[in-house]
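Report on the following structure.
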Amino acid sequence: MIGLHEHPEIHSTWGQIRITCNGRYFSHKDAVIIDSYAQPWDWDWQGPGFEGMHHSPGYRSIDLDHFFFDQFQDQYRYLILSTGRENKLTVNDSVIQYAKSKGILEVYILQTGKALELFKELQKNAFVCIFVHTTC
């Protein structure tokens, strides 16, 4: 995880996201950017013996808790869930409802390129979290 005290410069290509901010550099396959922090998004974060996330059924409430709500929930009102460059990563309605039950006003579900564009625009005036999936 790197702290970002100003708006980061973000570049994403197939299979990689690169973030530069305050002279620091971060690169990973997938990432969670939480306005002022960036961290790798490891789909198998629970370790051996646990079923990690897959393109379908996609995002899980437990992933949102681990990477976002357990650390940063109080001040954030916007959540962007990218679906990959080819929209292969799914988002079930139950995940959207879960996020809203935690105080999120708006959940955006967008293809990765459009998700990053929206993140850059929203973060000018609000605290925003984005999950970035860089492949399919």
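Taking the number of Cβ atoms within 10 Å of each Cβ as an exposure proxy, the fewest-first ranking of CYS129, CYS136, CYS21 is CYS136, CYS21, CYS129. Using C-alpha pairs below 8 Å separated by at least 6 residues, the relative contact order for the range 2-132 is 24 percent. Ordered by the number of other Cβ atoms lying within 10 Å of each residue's own Cβ, fewest first, SER82, SER56, SER12 fall into the sequence SER56, SER12, SER82. A cut-off under 9 angstrom between Cβ atoms defines the neighbours of ILE17, and their net charge, with Lys, Arg +1 and Asp, Glu -1, is +1. Rounded, prolate or oblate for the chain? Axes are the square roots of the Cα gyration tensor eigenvalues, ordered a ≥ b ≥ c, and the cut-off for rounded is a/c under 1.5. Rounded, since a/c falls under 1.5. For the range 79-136, what class follows from the C-alpha gyration tensor (a ≥ b ≥ c being the square roots of its eigenvalues): rounded when a/c is under 1.5, otherwise prolate if a/b is larger than b/c, else oblate? Oblate, since a/c reaches 1.5 and b/c is not below a/b. For the chain, the dipole from Cβ point charges (+1 on Lys and Arg, -1 on Asp and Glu) about the Cα centre works out to 280 debye, to the nearest 20.
No lab work stands behind these numbers, since they all come straight from the coordinates. Note that the structure is predicted; figures quoted are calculated from it, not measured. Neighbour counts run over all protein chains shown; Cβ positions are idealised from the backbone, glycine included.
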